[in-house]
Amino acid sequence: MLGRLWVKVLSAAFYGVALLFLATVAPLGAKAQPAPAPSPPPPQIQQLLQLLQDPAVRSWIDEQQKSPVATTAPAAAPTTSEIMMQRITGLRERLAALAAAVPRLPDEFRSASGRLLEELQGRRPLAVVLLIIGFLALGAGVEWLFRRVTGPSRQRIATRPVFATSERLHAVALRFVFNLADIAIFAVGSIGAFLALDWPPLLRQVVVAYLFAAVMLRLFLMVSRFLLAPNHAASGDTERFRLIPTGAAAAQFWHRRLALFVGWFAFGWATVDVLKILGFTPEARAVVAYALGLGLLAIALNVVWTRPTPAPSAAPETGAPRRVSHMVAASLLSVYFVLLWGLWVAGLMGFFWLAVIALLLPVAISVTEKASRHALRPHEESEASRQTGLTTVYLDRGIRALLIAGAVLLLADAWHIDLVEMTSRDTLLTRLLRGALSAVVILLVADLIWQVTKTLIDRRLTRAQIVTATNSGIASREARLRTLLPIFRNVIFAVLAVVAVLMVLSALGVEIGPLIAGAGIAGVAIGFGAQTLVKDVISGVFYLLDDAFRVGEYIQSGSYKGTVESFSLRSVKLRHHRGPVYTVPFGELGAVENMSRDWVIDKFQIGITYDSDLEKARKLIKNIGQDMAADPEFGPNIIEPLKMQGVEQFGEFAIQIRCKMTTRPGEQFVIRRKAFARIKKAFEDNGIKFAVPTVQVAGGGEAAPAIAQEGLQLVKPAGAAE
């Protein structure tokens, strides 16, 4: 392409020189001769003219004329003070032009009205307004007929019961399709009917501008109903179709205020376009636009001061500070909106859009996150349903990436930054901008990876906590997962954070090699200086590798004992059975006694009198053990039933018999208490007496009671004797 272009340019230059030579030499030889009849130009001249008419040649010549001469010295870059003075001078000139345009507004309106009346060909302006209303009414009538036809289907969608998330989303999508069809039919019935007839050009542009504004307002109302689903008499209860989680009153408020704001903006924009069509000067149009902007400012201030807030607390000490904070926030937002309007009037559009994005982008990200989670919420609320799903994470992060990308493109356009051209430059500013964009992408990807990983781990933890498996192998695996997954999650977060920070620094042009080397040296120094911390961390790693204990197990180590509640990198939290929580570093645990693994053998002794039937007692205890093993309440936790092992020892006043049973860890206490109660009742029913300390006194006389009393005091404590 470039070769052909150069050939055409060289040919044009050659024929241009030939034409110049002919125009200069030919008159010299023709002074004494009469002027001959005009003859057609030779083929070379015709070819030259055709080449000069070629668009590619003309564009190349224009570019060469606009490009600076290579020998011209480059102009000196303006200083910061010169740039500031230029901006201040430009701002003063702009404000002066706007002030000078205000007195000319009546003349502008008279000139525009005269031009419009001339275009209307005798029609009155009221007739034009009625014409616009008529076409809007025509569109509304066609839409009403469509609503009447599709009314039964809409009613079925609104009243159909919803039992799953997919059914609710399907119903929301159908409502959106019907609303979009309403707007399409309204647009065809209003704008299409108007364009089908022959109108004067000026009138056509004016009417189409306002009809287009009406369609834009209808589109926004559709989106607002799709997101907020405000309740009204015609639609009934639409709260279940609401995508943004908010109350009915708040949804109605935001729907109306945003509709008013967008309607004012759309018709104001159409009005400014109509003024341009009618021949208003740019300064006059700007004055009218800024005056209409005061209406937008008034709507924004109304929203700031009347927006719904959460219900105040019943306690007066918390309600008053909330009202004060609401007033302070409203005041700051009011000042912010006034400054936005001032930036717009001053023509500082770069700072204006920067301030708008700084205000709206965090709000948009927060609202989209809540909306995605609320839209994809499970139908039935439970502990598992409150966990965030992968679809929610993908949707939320995808919308967040689109919002940030849109904000970057909008700022680039506002500041007149060519992102494509910026990639080919190699200046400090372009490197910083490229690094900032790369850093944003890196952080978005790291955030997506973290959210996906966190969601998967949280879902697995929730499932491990809900599952109540009777199989000891499954229970052990679930307990081990509850122990290791939180630590694995923390490690992934730390690794992702470090890698993301290093990649961001590298994208910004920072050499990360010395940082990594310095971090290694600092790690060695910290390792020597914090040996206890290193000991705790390494000990914790080996405790977990040895599977010494898990979350939910009861352990004892020295003077510390309790149920394992959670881990960190250096310590474990133990909940004592009486309530206190011990935070024990791994390095101080030492030997660990785990009381919650596999099974527990519980042994206890019972004292019966010497005249009791031991065989009968053995059979009674065996029957009690078999009955408890068959009991559905205690049986699943009994591995070996209760039985009597035999006589343990002969005491001074009782025969000590020993009993034994094997249960699941932690269940022996409840089973033992129930066994004691049944043994007592069975022994009493069968004449087996529990032994109590007794004193036998030989002989009689008056001294016998005193001797017996003295013997009881020697055997029993003083309180028991009394």
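Would you mind checking the range 590-616 for residues with the amide N under 19 Å from a putative spin-label position 7 Å along Cα→C-beta of LYS561?
It comes to 590-605, nothing else.
Percent of accessible area on the range 133-290 owned by carbon and sulfur, 1.4 Å probe? Provide the component values of the computation, followed by the final result.
Values: 5700 of 7910 Å².
Reported share for carbon and sulfur atoms: 72 percent.
Of the peptides 673-682, 80-89, how do they stack up when ordered by the mean number of other Cβ atoms within 10 Å, highest first?
673-682, 80-89
If I stretch the segment between PHE109 and ARG307 completely, what's the gain in nm (0.36 nm per residue apart, minus their alpha carbon distance), one decimal?
Here the answer is 67.5 nm.
On full extension of the chain, what length is gained from LYS276 through TRP144, given 0.36 nm per residue of separation minus the C-alpha to C-alpha distance?
Separation in residues times 0.36 nm, less the Cα-Cα distance, equals 44.1 nm.
Ignoring ligands and nucleic acids, what accessible area does ARG431 show with a 1.4 Å probe (Å², nearest 10)?
110
Could you report the range 524-634's accessible area per residue, 1.4 Å probe, as an integer in Å²? Don't skip to the end; give the middle numbers.
Details: 6430 Å² over 111 residues.
Ligands and nucleic acids excluded, the figure is 58 Å² per residue.
If you stretched the chain out fully between PHE178 and LYS680, how much longer would it get, using 0.36 nm times the residue separation minus the C-alpha to C-alpha distance?
Contour length minus Cα-Cα distance gives 173.1 nm.
Between ASP547 and GLU239, what is the spin-label point distance in nm, taking each point 7 Å from the Cα along the Cα→C-beta axis?
Placing both labels 7 Å along Cα→Cβ, they lie 5.0 nm apart.
Using a basic spin-label model with each label point 7 Å from the Cα along Cα→Cβ, how many nm lie between VAL670 and LEU332?
Once both label points are built, they end up 5.3 nm from each other.
Which value, in Å² rounded to 10, gives the accessible area of VAL172 with a 1.4 Å probe and all protein chains present?
About 10 Å², ignoring ligands and nucleic acids.
Hey, which of these cross-link pairs are over 18 Å Cα-Cα: LYS616/LYS674; LYS660/LYS680; LYS603/LYS681; LYS454/LYS573; LYS535/LYS561?
Values: LYS616/LYS674 20 Å; LYS660/LYS680 16 Å; LYS603/LYS681 20 Å; LYS454/LYS573 22 Å; LYS535/LYS561 21 Å.
Cα-Cα > 18 Å for LYS616/LYS674; LYS603/LYS681; LYS454/LYS573; LYS535/LYS561; rest within.
What does the accessible area of TRP269 come to, in Å² to the nearest 10, when a probe of 1.4 Å is used?
150
How far apart, in nanometres, would the label points at ARG460 and VAL491 be if each is projected 7 angstrom from Cα along the Cα-to-Cβ direction?
Distance between the two pseudo-spin positions: 1.2 nm.
To the nearest 0.05, how large is the calculated FRET efficiency for THR453 and LEU515 if R₀ is 35 Å and r is the Cβ-Cβ distance?
Here the calculated transfer efficiency is 0.90.
Provide GLU118, GLU143, GLU684 ordered by accessible surface of protein heavy atoms (probe 1.4 Å), highest first. Mind showing how you got there, number by number?
Numbers: GLU118 145, GLU143 15, GLU684 110 Å².
Accessible-area ranking of GLU118, GLU143, GLU684, largest first: GLU118, GLU684, GLU143.
Given a Förster radius of 56 Å and the C-beta distance between ARG477 and ILE83 as r, what FRET efficiency does 1/(1 + (r/R0)^6) yield to the nearest 0.05?
Efficiency, from the Cβ-Cβ distance: 0.25.
Ignoring ligands, DNA and RNA, what accessible area per residue does the range 129-237 give at 1.4 Å, in Å²? Present the calculation step by step, with values, prior to reporting the outcome.
Details: 5730 Å² over 109 residues.
For the range 129-237, the per-residue accessible area is 53 Å².
The values are calculated or read from the model by the stated rules, or taken from the named source; none is laboratory data. Remember, it's a predicted structure, so these values are computed and weren't measured experimentally. As a convention, Cβ positions derive from the backbone with ideal geometry for all residues, glycine included, and neighbour counts pool all protein chains shown. All accessible areas refer to the heavy atoms of the entire protein, side chains included, with ligands and DNA or RNA removed. Shrake-Rupley method; radii C 1.70, N 1.55, O 1.52, S 1.80 Å.
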